[in-house]
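One structure is given here, and the rest of the page talks about it.
No lab work stands behind these numbers, since they all come straight from the coordinates. What you are looking at is a predicted structure, and each value in this text was computed from that prediction instead of being measured. We place every Cβ from the backbone using ideal geometry, glycine too, and count neighbours over all the protein chains shown.
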Amino acid sequence: MTPVKRLLAVCTALALVAACSVDNSPDSSPIAVTTAAYRASDPPSITLFTMINNRTGEGGHSALMVNASQRVIFDPAGSFRDERVVERGDVLYGITPGWLQAYKSAHARSTFHVVAQEIPLTSAQAEQALRIVQANGSVGGGFCAQSTSSILAQIDGLQNTKRTFFPVKLMEQIATHPNVITTKLYENDEGDIVEGVRAAVQSQQ
């Protein structure tokens, strides 16, 4: 690929993931992060979330849930932000079953559905994934799939993951994993992601 074509491909990718936002909200404090920690009873795993446009089939956002000694969601350049959501460095903490449903429901609108691809891991792999997402830091707008694919490529057993700017391309890669469990969430709520976040957060009060 020539440099010009490569640049055009990157620009196209950034346009397609316009649903990724620029997060200007302040990080939660380390104390808030520690206090919010939630350990799920489910086996160790990672889950790739891909938000798909119902009209075009294009990907609007990628995020990665890690279920290790605590359950978190790496939400790079994400829109799931509210003063009641504990977030630091694009990692959402305190992901109880209620907050997990709220996260998915906020993104599943009349215009988008959510594809969840869960891959079982060993405890060591899950802890490695948790360390990587916590160390990654905040991500610039439009780089959600690129950062998520980069993180996946650092996890033992998933090093063959190719880095990509395209959420659907990443989703298709993960679909080839032999142990992946795929589910989809459709909802008919009107409005944009901001309204979805507001409604989802209110449901947790």
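Worth pointing out:
- From phi via Karplus (6.51, -1.76, 1.60), per-residue ³J(HN,Hα) for region 107-117 in Hz, x at Gly/Pro: 8, 7, 10, 5, 9, 9, 10, 10, 9, 10, 10
- Neighbour net charge for Glu127 - beta-carbon separation under 13 angstrom, K R +1, D E -1: +2
- Ordering Tyr186, Tyr38, Tyr103 by the number of other Cβ atoms within 10 Å of each residue's own Cβ, fewest first, gives Tyr186, Tyr38, Tyr103.
- When Asp90, Asp75, Asp42 are arranged by Cβ crowding within 10 Å, least crowded first, meaning fewest neighbours, the order is Asp42, Asp90, Asp75.
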